[in-house]
Every structure is written in C-alpha cells, then in structure tokens.
1. Can you give me the Cα centroid spacing of the stretch 72-99 and the stretch 142-183 in angstrom?
2. How many Å³ per residue does the convex hull of the Cα positions in the stretch 80-139 occupy?
3. Run the simple label-point estimate for T182 and E66 please: 7 Å along Cα→C-beta, distance reported in nm.
4. Given H placed 1.01 Å from N in the peptide plane, which residues other than close sequence neighbours of G125 have an amide H under 5 Å from its amide H?
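Each reported figure results from applying straightforward, stated rules to the coordinates on display, with no laboratory input. Everything numeric in this text was worked out from a predicted model, so none of it was measured. Here the Cβ positions follow ideal geometry from the backbone for every residue, glycine too, while neighbour counts run over all protein chains shown.
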Amino acid sequence: MPEQTKPFVVTDRRKFTKDGELRPDADPSPEREERESAPTPIAAAQPQPAQPEPAAATPEKAAESELPPAPTAEENDQARRAYEMTADRLDTAIRSANPGMDHPPAMSFEQLVQSIYMTAMMQLGAATHEGQQPQVDILGARQSIDMLAVLAEKTKGNLLTEEARLLDSALFELRMAFLEITQALTRSAAAKAPAAARPGPGGTGPGGTGPRGPGIVR
C-alpha cells in the first residue's frame with residue numbers, strides 16, 4: 001500500500017508582529033529553552049570573616065625576643081675551663097715578674113660586697129686627700145648603692161648570717177653617706193645663691209616661718 005505523503009507545514013516561530021506586538025500564537029518554548037540554557041549567575045562572594053590581628057608584644061616579650069639564645073651547658077663548661085686556665089697563666093706570669101708576690105685571694109661574696117662598697121665611697125669623695133677639693137660622682141654613687149640593693153634583694157634568704165650582716169651594714173653606711181653628701185651639696189648651692197633668694201630665719205622661703213626639712217646632724 002503506497003505511503004501517504006504528509007503535508008509540509010511551516011510554523012511561524014516569530015514572537016512579534018511587524019508592528020512590534022506579541023503574537024497571540026507565538027510558541028513560548030524557545031524562550032523557555034533560552035531561560036533553561038542561560039548560565040546560572042555566579043553567587044556573590046561571601047565576605048570572609050576578618051582575621052584577628054596578632055596581639056601587640058609586651059615590652060618584656062619584645063626584650064626577650066631581642067636576646068641571643070642562651071648557651072648550652074657544654075658551652076658554659078668549655079668557657080669556664082678556658083677562663084680558669086687563662087687566669088692561672090696570668091697569675092703565673094705576674095708572680096714571675098714580681099717575686100715574693102702572694103697569690104691573689106679567690107673571689108668571695110664578702111669581697112664582692114666590699115668592692116662595690118669601696119667604689120661607692122670613692123664616688124662620694126672618700127678618697128680625697130686632705131686639702132684637696134673632693135671629687136664627687138653623685139650619680140655613679142647612686143648606681144653603686146642601687147647595685148648593692150639589687151644584690152640584697154636577689155640573695156634574700158640565701159645568705160649566711162655574717163654575709164647578710166655585712167651587706168646590710170654596707171648599705172646602711174652608704175645610704176647615710178649619700179644623704180650627708182647631697183645635703184652638703186644643697187647647702188653649698190644655697191650659700192652661693194643671691195641673698196634675696198635665700199630663705200628667711202626659721203622658714204623655707206624669704207621671711208617664711210615654715211618648718212625645716214629633715215636632716216642628719218653629725
């Protein structure tokens with residue numbers, strides 16, 4: 001049986017008329033296909049949470065970070081042995097050049113305190129010969145006294161009775177001498193001041209009657 005020829009149908013897929021109006025019989029499928037084939041818009045990037053800034057280093061941590069690494073126990077031991085051998089050779093050379101010279105005594109806590117004590121006393125002018133103008137290094141003396149005070153604080157509870165007594169006595173004498181020298185310097189400066197600027201009798205200012213400050217009378 002011969003096949004029947006199917007009629008050729010032309011479908012107008014235009015969506016708009018020549019006047020620009022939407023055709024009532026327009027096939028919406030192409031529009032749907034376009035919508036389906038349209039790329040999916042990329043989602044807007046989500047804002048990332050702000051990373052916390054590292055905390056600022058404290059002065060103590062900053063100072064620690066600047067310090068060189070501590071030597072190992074082996075390095076310390078090697079340095080100690082080399083130092084002792086060099087010191088012994090130096091002592092031998094000095095005694096050879098000075099026959100009859102005694103061997104220098106080993107350093108002890110008492111010698112350390114006495115060394116700082118004598119340095120502070122010299123800075124306060126104790127080594128001045130009679131008739132000479134005292135040479136006073138008041139700031140250097142203060143540092144030496146403060147050095148002994150740090151030593152006393154760091155060794156508290158770790159000293160023998162004699163060592164603690166020696167340190168306390170040295171600090172007491174140096175502090176009293178420091179006060180005496182500073183008051184003498186203050187009186188000397190006041191004596192050189194103009195008469196109009198000097199304090200009146202029994203007062204702290206010209207003609208004043210205020211109480212006098214504390215002092216040390218010897």
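1. Each part's Cα centre sits 31 Å from the other's.
2. Working: hull volume 9.2 nm³, N = 60.
Taking the convex hull of the Cα positions in the stretch 80-139, it is 153 Å³ per residue.
3. With each label placed 7 Å out from Cα toward Cβ, I get 2.9 nm.
4. D137
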